[in-house]
Amino acid sequence: MASQPPALGVLVREPDGFSVWSGPPYPPGSAPPLRLPKAACSAAYFSSDGSRLLATVASASATVYDCRTLSVVRLFELPGLLAAALSPTGAFLQTFQKSSSPQEKNVTVWHVDTATPLYQHYQKNMSKATWPMVQFSADESVACRMMTNEIQFFDPKDFTKGFVYKIRMPGIAAMQLASAPGSHVAGFVPEAKGIPASVQIFSCDKNAQSQAVARRSFFRCSTVQFHWNKGSTGLLVLAQADVDKTNQSYYGETKLNYLTTDRAFEGIVPLKKDGPVHDVQWSHSGSEFAVVYGFMPARATIFNKKCNPLLELGEGPYNTIRWNPKGRFIVLAGFGNLPGDMAFWDYSEKKLVGKTKAECSVTSEWSPDGRHFMTATTAPRLQIDNCIKIFDHNGSLQFKKMFEKLYQADWKPEAPERFGDIADLTTALVSIKIEEKQVSAQGSKSAQTSSKAPTNIAAKPTAYRPPHSKNSADVQDKLFGGLASTGGEMSKNALRNKKRREKQKEKKAAEGSGAPDDN
């Protein structure tokens with residue numbers, strides 16, 4: 001007998017605290033059931049495996065919940081708390097507190113179940129790029145941190161030993177440990193004194209750390225983003241420069257590099273359009289990755305692990321890509337300063353299954369079962385029209401809830417393997433849609449034969465289009481998500497001007513024909 005799939009959950013945080021909802025589907029017109037009533041907090045996060053939930057109150061405390069029972073596992077009283085993070089399975093808690101002197105160790109790794117401090121050190125400051133200080137692999141068998149000119153490794157079973165071995169990397173500014181499995185670690189060294197920036201990959205095996213497994217150097221790079229695949233065999237490096245020397249982009253220059261741990265590929269991903277790289281994401285299997293890139297209308301392409309293009313998803317007003325955990329459906333979206341168009345693709349069938357809009361969305365993500373796609377408009381990015389929208393895998397809106405102010409909306413993580421496939425559901429939905437289309441088509445045909453439409457109805461005039469845009473209808477259609485006017489009817493002003501020009505031509509022609517008679 002197949003095991004019952006886990007229930008979906010949604011974390012919702014508002015100004016007065018957070019709550020946990022039961023996941024969709026929701027009956028029409030009903031409110032989502034509450035699994036955990038609202039509790040005060042300033043931040044809340046799930047562990048990567050969804051087993052535990054962390055809720056913090058700034059400068060005061062951190063509370064860890066068991067996600068199965070939603071009971072409190074441990075409450076930590078932490079004066080001056082600035083940041084906290086759970087390890088992937090929720091066994092360890094990292095905290096960063098205010099410190100008045102270097103002698104006061106302000107970064108602590110706690111064992112959650114026993115509330116025991118396992119490791120402490122002093123850190124002057126922290127940033128989004130360097131937090132959490134200690135990085136864990138998905139199974140928590142590997143733990144490491146970045147220090148000046150080196151990467152230090154710990155024994156997660158005994159943090160009291162301190163670091164047990166290290167990798168020397170002079171000038172290191174960022175690092176990322178591969179999580180599934182934690183077999184490799186990547187480090188970034190920015191350019192300095194004419195020496196190009198570089199990304200190096202090292203093995204996490206203590207006996208195989210003498211040389212880099214892979215290396216890539218490049219100029220014009222100030223920061224990088226690392227994207228490891230599942231299996232830890234490939235690494236995508238998005239290199240970003242603050243200034244674009246070609247003066248094509250105000251926001252700087254981006255290049256997407258790809259490195260493999262077996263050195264089969266080390267170089268730039270071959271993109272067919274100039275412009276920035278907006279987003280990149282690996283499939284759940286780790287065998288393909290998707291990229292949205294280029295000046296608007298942006299282009300989307302799927303590549304395999306050998307960096308060969310597999311599928312072109314076309315062009316449009318997109319800057320976001322989300323691959324569902326089951327690997328079948330892909331969403332292309334245009335959020336931020338774009339109008340919110342979303343295109344839902346069936347990757348297995350290589351076809352577009354639906355289009356819709358989610359204006360002003362700030363966050364977006366697939367549910368762990370791959371059947372639902374949630375977007376959220378949140379503060380402080382947007383102070384009005386805060387809401388949560390949940391769409392089906394084909395883009396149909398299933399649920400919407402407005403908030404006076406919403407700070408966060410996240411799915412509770414679960415392993416996608418614990419959920420069934422979507423094939424049966426998709427087949428059923430497609431058959432229903434085909435039947436509906438056939439019925440509506442038959443109805444429209446009968447209506448056309450029984451009644452004749454009047455022929456003198458004037459078409460609605462379209463917006464005026466300047467002369468320089470007459471040859472760019474296809475580009476405008478892509479830019480505005482298919483909403484740009486493409487009709488051939490002229491506006492009233494254009495029609496008036498046309499008549500005036502025709503009269504002037506007739507007048508000049510009459511004057512020209514009458515001139516010889518006068519002579």
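Residues that are of a type in the set (Val, Ile, Thr) and modelled with pLDDT of 90 or more, at least 2 per element: which strands (runs of 3 or more DSSP E) completely within the stretch 1-88 meet that?
Hits in the stretch 1-88: 9-14, 52-57, 61-66, 71-77.
One residue stands out among those in the stretch 280-327 that are open to solvent by 50 Å² or more (accessible area, probe 1.4 Å) and among the aliphatic types (A, V, I, L, M): the one that is farthest from Val237 (Cα to Cα), which is Met296. Only one of the numbered conditions (1) part of a loop (DSSP other than H, G, I, E, B); (2) more than 20 Å from the chain's Cα centre (by Cα); (3) not assigned by the TED database to the domain that holds Ile151 is violated by Arg220, and that is (3). Answer yes or no: is there a residue in the stretch 149-157 that is aromatic (Phe, Trp, Tyr) and at pLDDT 90 or above. Yes, because at least one residue in the stretch 149-157 is aromatic (Phe, Trp, Tyr) and at pLDDT 90 or above.
Contact annotation: residue pairs with Cβ atoms under 8 Å, 6 or more positions apart or on different chains, pairing a residue in the stretch 229-247 that is among the charged types (D, E, K, R) and open to solvent by 10 Å² or more (accessible area, probe 1.4 Å) with a partner that is at pLDDT below 90 and not in a loop (DSSP other than H, G, I, E, B), are Asp244/Glu253; Lys245/Glu253. Pick from the stretch 266-279 the residues that are in contact (Cβ under 8 Å) with a residue 24 or more places away in the chain and closer than 19 Å to Ala197 by Cβ: which of them is surrounded by the fewest Cβ atoms within 10 Å (Cβ to Cβ)? Per the stated criteria, the residue is Gly267. Please work out if Val73 is open to solvent by 30 Å² or more (accessible area, probe 1.4 Å) and not charged (D, E, K, R). Here the answer is yes, as Val73 does meet what is asked. Evaluation of Leu313 against the conditions (1) aliphatic (A, V, I, L, M); (2) in contact (Cβ under 8 Å) with a residue 40 or more places away in the chain; (3) in contact with a Phe, Trp or Tyr (Cβ under 7 Å, 6 or more places away or on another chain) shows that the sole unmet condition is (2). For the stretch 102-114, name all the residues that are in a loop (DSSP other than H, G, I, E, B) and either under 18 Å from Lys157 (Cβ atoms) or open to solvent by 50 Å² or more (accessible area, probe 1.4 Å) (or both). If the condition is that a residue be in a loop (DSSP other than H, G, I, E, B) and either under 18 Å from Lys157 (Cβ atoms) or open to solvent by 50 Å² or more (accessible area, probe 1.4 Å) (or both), then Pro102, Gln103, Glu104, Lys105, Val112, Asp113, Thr114 are the ones that fit.
The values are calculated or read from the model by the stated rules, or taken from the named source; none is laboratory data. Computed from a prediction, not measured in an experiment: that's the story for all the values here. Note that we place each Cβ from the backbone using ideal geometry, even for glycine, and neighbour counts take in every protein chain shown. The accessibility values were calculated without ligands, DNA or RNA, using every heavy atom of the protein model including side chains. Shrake-Rupley method; radii C 1.70, N 1.55, O 1.52, S 1.80 Å.
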